[in-house]
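Peer 1: Supplied in structure tokens, the structure appears directly below.
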């Protein structure tokens, strides 16, 4: 029984987030999972050549832009696979737009709309910022030659042209971290780029990102290098990142998933990492952990502990 059982450890209060999470690894339930997730991510950061952060959900509108930016600055991840919405809201903030906490969620949405705001649960965004974004994107596109661009090469150009030091795209560009948006046209920035290039032979082609992601996995396989991933939420970023491992037959060696979706509805966001083993997206020996928690709670704790 010794190999099956271990004593539950009493958690000590701590002002140090890393010490607190390490202590939680000896507790139970999702507190234990959160502590174990930190252990896996620490090992991943020190051993993996390819370190992917997959971001779904309203990470930027929820106020987590800064902790993600710091993680990128410190080199914890070298590829980010994100929804277009997070990129859009990052750029919105770069041009002075903001996100505002609603004092009560029951505020009439018709009132918000007439006042020029759109709602993301308990956060409102000023839609006039999108007009500023469109004007600036026009200038960026006018400076680019016609041709086909991947989303990561396009967004790298965008990031390097920004002056906002708080911008995720800028930090990623200067840190050598590529930002891939596999569903680029399923977002406001994608729609704006599409509308501004109708009279051009300039295209952002999502299939080029698949070439890139699969190529990274083949390179890691050739060098027998370890790979790891932190998945926030699920959706397209999760599947796009994991399928690159499947295509290259290079299963991930480390994986952590933060989700609130259960597996029994059959949705991708709730699909377990054990299930990913059956698809050869994770290796049979992979160190992996799922934290069932709101990402606005789990992600800041984990990234703060990793950057200490």
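Peer 1: Could you list all residues from region 264-303 that are in contact with a helix residue (DSSP H, G or I) (Cβ under 8 Å, 6 or more places away or on another chain), assigned to a helix (DSSP H, G or I) and either crowded, with 18+ Cβ neighbours inside 10 Å or at pLDDT below 95 (or both)?
Peer 2: Within region 264-303, 276, 298, 299, 301, 302, 303 meet the criteria.
Residues are listed down the side, and each one gets a yes or a no for (1) in a helix (DSSP H, G or I); (2) surrounded by fewer than 22 Cβ atoms within 10 Å (Cβ to Cβ):
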| position | (1), (2) |
| --- | --- |
| 31 | yes, yes |
| 38 | yes, no |
| 105 | no, yes |
| 111 | yes, yes |
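Peer 1: From the list 12, 22, 3, exactly one residue is more than 20 Å from the chain's Cα centre (by Cα), assigned to a helix (DSSP H, G or I) and more than 29 Å from residue 83 (Cβ to Cβ). Which is it?
Peer 2: Within the list 12, 22, 3, the selection yields 22.
Peer 1: Among the candidates 80, 59, 67, single out the residue that is crowded, with 21+ Cβ neighbours inside 10 Å, touching a helix residue (DSSP H, G or I) at 6+ places or on another chain (Cβ under 8 Å) and over 24 Å from residue 218 (Cβ atoms).
Peer 2: After ruling out the rest, the residue left standing is 59.
Peer 1: Give the residue that is farthest from residue 41 (Cα to Cα), with candidates limited to residues of region 238-263 that are touching a strand residue (DSSP E or B) at 6+ places or on another chain (Cβ under 7 Å) and assigned to a helix (DSSP H, G or I).
Peer 2: The extreme case among them is 240.
Peer 1: How many residues does region 101-126 contain that are closer than 18 Å to residue 86 by Cβ and out of contact with any helix residue (DSSP H, G or I) (no Cβ under 9 Å at 6 or more places or on another chain)?
Peer 2: Adding up the residues that qualify gives 3.
Peer 1: Any residue at all in region 164-172 that is out of contact with any helix residue (DSSP H, G or I) (no Cβ under 6 Å at 6 or more places or on another chain) and closer than 16 Å to residue 95 by Cβ?
Peer 2: The answer is yes; a qualifying residue exists.
Peer 1: When you scan region 47-64, do you find a residue that is closer than 27 Å to residue 185 by Cβ, in contact with a strand residue (DSSP E or B) (Cβ under 9 Å, 6 or more places away or on another chain), modelled with pLDDT under 95 and not in a loop (DSSP other than H, G, I, E, B), even just one?
Peer 2: no
The values are calculated or read from the model by the stated rules, or taken from the named source; none is laboratory data. Small disclaimer: the values here were computed from a predicted structure and weren't measured. In this analysis, Cβ positions are derived from the backbone assuming ideal geometry, glycine residues included, and neighbour counts consider all displayed protein chains.
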